[in-house]
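Visitor: Starting off with a structure, shown below.
The values are calculated or read from the model by the stated rules, or taken from the named source; none is laboratory data. This structure is a prediction, so every number in the text was calculated from the model and none was measured. Counting neighbours? That spans all protein chains shown, and the Cβs are built from the backbone with ideal geometry, glycine included. Keep in mind that these areas ignore ligands, DNA and RNA; they rest on the heavy atoms of the full protein, side chains included. Shrake-Rupley method; radii C 1.70, N 1.55, O 1.52, S 1.80 Å.
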Amino acid sequence: MKTAKLTTVTLEKSADVARLRDVAMTLANVLQFGSFERTRTVTAVVELGRNAIEHGQKGRATFSLTELAGKPALGLLVTDQGRGIPQEKLQPDGVPSSATGLGLGLRGVQRIATRFGVETGDEGTRVNAVFLPSANLPSGSQLIELATRALDDLSAKDPTAALSEQNRELAEEISERDLLMRELHHRTGNNLALIAALIRMSKSRAEQDETHQVLTELEVRVGALAKAHELMQRGIETGKVELSEMVTEVARTSERAFSGGRLNATIEVACEELRLDSKFAIDIGLIVGELITNAFKYAFVGREEGIIRVEVSGDPKHGIALVVSDNGIGLPADAERPERSNSLGWRLIRTLTFQHDATLTVDSADGLCVRIKFPAQI
């Protein structure tokens, strides 16, 4: 019979010891422990639980059915999140010496258990114990079913305790998930920063103007994503991003990316404070970055100065208007309409506009002015 996990008891407060005792007693009865050995076993389990609560800050006791010497046995793994047991206070067999005054309980459990081991360190302590009953029971799925049914009956007698245990397990799982998500977002932010740094380094070494131009455009796009990620992590409201910060940062990133040449262009931003869904805000930020990039590339040919304006107005309930304009040379009479361009930037603008059912118009009467009207989002 392979080891089969049966149930887990969370160990946070003294009241949890009662639940631990009931579970241990129930499983000892299933395995037909004798009266004396059942008392000893339950006492040992309770001792481990108390140690985890008192010295380990928070713990968990996992019961299982396992085999020892070819016979069914009760397995118990108790883990905690304490500071561990100092190595100098451990005997060679991994059990604290009774002389220290800290390991009396564990030494007692070691004498009762058929198999016993302790792993300890700065991350916490793991105590693994196996208790072998004297009764000769056949191992197999039938014994697991009996144990499962007995635990269900125990929960039915005290539904409040069972529900409390389930709620705490759920809360712990959510906490672990949130911790993993925070670590994932932290690493994502670091990776975006590293990518941006590599792009800037590559751009500074680029010898071809075309390569330098491509890397500059890529720097603006990555900068927009990095800022969106930062705002999402700082946001009070999950999944929301402050658009004004997003657009302002995209503008500043674009100015830095295109600085250093003969052109001295200023970007003016007028954006109301709007908290938008993260995807919507990111898409607007990417569109703004592409339109600013196009203005830097084409609006001021033969000129040394220029102004680019970014304006955002409206609200999610009634629709949002985005206007990006410049005081550049505008479109030559025979030029291809930019909204029909097959360039990567305009393809991206068209795709993002289409995804949000927005309308796009271009006016080149006085410089170039691109207006995008996003419909209501609520």
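Visitor: I need a count of the residues in the stretch 359-378 that are surrounded by fewer than 16 Cβ atoms within 10 Å (Cβ to Cβ), closer than 26 Å to K317 by Cβ and β-branched (V, I, T).
Guide: Residues in the stretch 359-378 being surrounded by fewer than 16 Cβ atoms within 10 Å (Cβ to Cβ), closer than 26 Å to K317 by Cβ and β-branched (V, I, T): 3 in total.
Visitor: Take S254 and decide whether it is at pLDDT 80 or above and farther than 19 Å from F296 by Cα.
Guide: Criteria not met by S254.
Conditions tested, residue by residue: (1) under 21 Å from V222 (Cα atoms); (2) modelled with pLDDT of 85 or more.
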site: L276; (1), (2): yes, yes
site: E290; (1), (2): yes, yes
site: P316; (1), (2): no, yes
site: L331; (1), (2): no, no
site: R340; (1), (2): no, no
site: H356; (1), (2): no, yes
site: V362; (1), (2): no, yes
site: I378; (1), (2): no, no
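Visitor: A follow-up question, please. Go through (1) open to solvent by 10 Å² or more (accessible area, probe 1.4 Å); (2) modelled with pLDDT of 90 or more for T41 and report which single condition fails.
Guide: Every condition holds for T41 apart from (1).
Visitor: Moving on. Within the bounds of the stretch 238-248, is there any residue that is modelled with pLDDT under 65 and loosely packed, with under 12 Cβ neighbours inside 10 Å?
Guide: yes
Visitor: Does V310 count as surrounded by 17 or more Cβ atoms within 10 Å (Cβ to Cβ), in contact (Cβ under 8 Å) with a residue 60 or more places away in the chain, out of contact with any Leu (no Cβ under 6 Å at 6 or more places or on another chain) and assigned to a strand (DSSP E or B)?
Guide: Values: surrounded by 17 or more Cβ atoms within 10 Å (Cβ to Cβ): yes; in contact (Cβ under 8 Å) with a residue 60 or more places away in the chain: yes; out of contact with any Leu (no Cβ under 6 Å at 6 or more places or on another chain): yes; assigned to a strand (DSSP E or B): yes.
Against the criterion (surrounded by 17 or more Cβ atoms within 10 Å (Cβ to Cβ), in contact (Cβ under 8 Å) with a residue 60 or more places away in the chain, out of contact with any Leu (no Cβ under 6 Å at 6 or more places or on another chain) and assigned to a strand (DSSP E or B)), V310 qualifies.
Visitor: Mind checking which pairs have a first residue in the stretch 347-375 that is touching a residue at least 12 places away in the same chain (Cβ under 8 Å) and outside any strand (DSSP E or B) and a second that is crowded, with 17+ Cβ neighbours inside 10 Å and of a type in the set (S, T, Y), Cβ under 8 Å, 6 or more apart or different chains?
Guide: As it stands, the answer is G367/S325; L368/S325, since those pairs meet every condition given.
Visitor: Here's a follow-up. Looking at A295, A270, A335, which one is more than 14 Å from C369 (Cα to Cα), open to solvent by less than 50 Å² (accessible area, probe 1.4 Å) and among the hydrophobic types (A, V, I, L, M, F, W, C)? Step through it out loud before you land on a result.
Guide: Working: A295 fails: more than 14 Å from C369 (Cα to Cα); A270 fails: open to solvent by less than 50 Å² (accessible area, probe 1.4 Å).
None of the other options fit; the residue is A335.
Visitor: Taking S278 and the conditions (1) of a type in the set (S, T, N, Q); (2) over 26 Å from L192 (Cα atoms); (3) touching a residue at least 40 places away in the same chain (Cβ under 8 Å), which numbered condition does it fall short on, given that it satisfies the others?
Guide: The number of the failed condition is (2).
Visitor: Suppose we filter the stretch 25-52 for residues that are under 17 Å from R111 (Cβ atoms), among the hydrophobic types (A, V, I, L, M, F, W, C) and under 40 Å from the mean Cα position of the chain (by Cα); how many remain?
Guide: Of the residues in the stretch 25-52, 5 are under 17 Å from R111 (Cβ atoms), among the hydrophobic types (A, V, I, L, M, F, W, C) and under 40 Å from the mean Cα position of the chain (by Cα).
Visitor: Then there is this: For the stretch 106-123, enumerate the residues that are closer than 15 Å to G49 by Cβ, small (G, A, S) and at pLDDT below 90.
Guide: G108 - this is the single residue of the stretch 106-123 that is closer than 15 Å to G49 by Cβ, small (G, A, S) and at pLDDT below 90.
Visitor: Let me ask something else. Provide a single number: the residues in the stretch 124-151 that are surrounded by fewer than 13 Cβ atoms within 10 Å (Cβ to Cβ), within 25 Å of G49 (Cα to Cα) and either of a type in the set (G, A, S) or touching a residue at least 40 places away in the same chain (Cβ under 8 Å) (or both).
Guide: Filtering the stretch 124-151 for residues surrounded by fewer than 13 Cβ atoms within 10 Å (Cβ to Cβ) gives 134-136, 138, 140-142, 145, 149.
From what is left, the residues that are within 25 Å of G49 (Cα to Cα) are 134, 149.
Checking the rest, the ones that are also either of a type in the set (G, A, S) or touching a residue at least 40 places away in the same chain (Cβ under 8 Å) (or both) come to 134.
Matching residues across the stretch 124-151 total 1.
Visitor: Restricting the search to the stretch 211-231, which residues are at pLDDT 75 or above and either basic (K, R) or exposed (fewer than 12 other Cβ atoms within 10 Å of the Cβ) (or both)?
Guide: R221
Visitor: Quick check on my filter: what residues within the stretch 20-38 are open to solvent by 80 Å² or more (accessible area, probe 1.4 Å), of a type in the set (F, W, Y) and in contact (Cβ under 8 Å) with a residue 12 or more places away in the chain?
Guide: Passing the criteria: none in range.
Yes/no per residue for (1) more than 18 Å from G289 (Cα to Cα); (2) polar (S, T, N, Q):
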{"position": "D326", "(1), (2)": "no, no"}
{"position": "D334", "(1), (2)": "yes, no"}
{"position": "L348", "(1), (2)": "no, no"}
{"position": "Q355", "(1), (2)": "no, yes"}
{"position": "D363", "(1), (2)": "yes, no"}
{"position": "D366", "(1), (2)": "yes, no"}
{"position": "C369", "(1), (2)": "no, no"}
{"position": "P375", "(1), (2)": "yes, no"}
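Visitor: Checking the condition closer than 22 Å to L276 by Cβ and either surrounded by fewer than 14 Cβ atoms within 10 Å (Cβ to Cβ) or acidic (D, E) (or both), which residue from D326, D315 passes?
Guide: D315 is the lone residue from the list that is closer than 22 Å to L276 by Cβ and either surrounded by fewer than 14 Cβ atoms within 10 Å (Cβ to Cβ) or acidic (D, E) (or both).
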